[in-house]
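A short write-up of the structure that comes next.
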Amino acid sequence: MLRKRLKSEPGLRVIDAGSTSPHNINYLTSLGHSIFLADPVSDALSGEFQVGTDDDDKPIWNVEGYLDHAFQFSGRTFDIVLLWTALDYLPEPLVAPVVNHLHAAVNPGGQVLAFFHARKKEGESAYCRFHVTDTDTVEMQLAQPVPLLRAFTNRGIQELFSRWSGFRQFLAKDSVYEVLITR
């Protein structure tokens, strides 16, 4: 469904939120779309936005600083967000603010394609780069070893995106949920 939109509506503004994929840049711009690149996981793990720890030794985050850096849109709005598995790797205090920030930046009728791990395996650390293709297949390539922080439940995903109007979820290969969310 999203692939059809990408092919039939030229001039869409797309956020590719993950490790940079030259393939995605070439593919999306060849279809006439503009692309904004963001790597929210690498930005979060840089250490730049952790400003200390609380009494329980849990990190304290500069959430606004992180959002301003990772998603500096300069007033632009978007039609499609390729969020991939980024939310599974973000520290918990950043997850809901990222979703809220994207909600504000996505046009009504805009869509988010997100993948979520259906279960967390001990020691799993395969943060991947995703490549859109001319088919319904999305290719994956290991980007860097980053610990998987969580696996969302169906209900958890729905609650996280409760402000959005549409929600279609599919179980994809490798115990990953594919979710298409409409604003």
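The values are calculated or read from the model by the stated rules, or taken from the named source; none is laboratory data. Computed from a prediction, not measured in an experiment: that's the story for all the values here. Using ideal geometry, Cβ is built from the backbone for each residue, glycine included, and neighbour counts are taken over all protein chains shown. What goes into the accessible areas is simple: the full protein's heavy atoms, side chains included, and nothing from ligands, DNA or RNA. Shrake-Rupley method; radii C 1.70, N 1.55, O 1.52, S 1.80 Å.
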Worksheet item: How would you classify the stretch 68-117 from its alpha-carbon gyration tensor, with a ≥ b ≥ c the square roots of the eigenvalues: rounded for a/c under 1.5, else prolate if a/b is greater than b/c, otherwise oblate?
Response: oblate
Worksheet entry | Between the stretch 1-37 and the stretch 112-133, the alpha-carbon center distance in angstrom | 19 Å
Worksheet entry | Correct choice for Rg/Rh (Cα atoms, Kirkwood Rh) that was computed from the model, options (1) 0.94; (2) 0.99; (3) 0.92 | (1)
Worksheet, complete the sentence: Of every hundred units of 1.4 Å-probe accessible area on the chain, the number belonging to carbon and sulfur atoms, as a percent, is 49 percent
Worksheet item: Between the DSSP loop rule and a limit of at most 11 other Cβ atoms within 10 Å, which trypsin sites (Lys or Arg not before Pro) in the stretch 63-165 are left?
Response: Arg76, Arg119, Lys121, Arg163
Response to the item:
Per residue, accessible area of the chain with a 1.4 Å probe, heavy atoms of protein chains only, in Å², comes to 50 Å²
Worksheet item: Just going by the charge dipole of the chain, with Lys and Arg at +1 and Asp and Glu at -1 on Cβ, which of Leu2, Leu87, Val14 is farthest out on the positive end?
Response: Leu2
Worksheet item: What percent does the relative contact order of the stretch 1-100 come to when contacts are Cα pairs within less than 8 Å and at least six residues apart?
Response: 32 percent
Discussion item. Translational diffusion coefficient of the stretch 1-106 at 20 °C, 1.002 mPa s, Stokes-Einstein with Kirkwood Rh over Cα pairs, in µm²/s as a whole number.
Written reply: 145 µm²/s
Worksheet entry | For the chain: relative contact order, % (alpha-carbon pairs under 8 angstrom, 6 or more apart) | 21 percent
Worksheet item: Rounded to the nearest 20 Debye, what is the dipole magnitude of the chain about its Cα centre when Lys and Arg each give +1 and Asp and Glu each give -1 at the C-beta?
Response: 900 debye
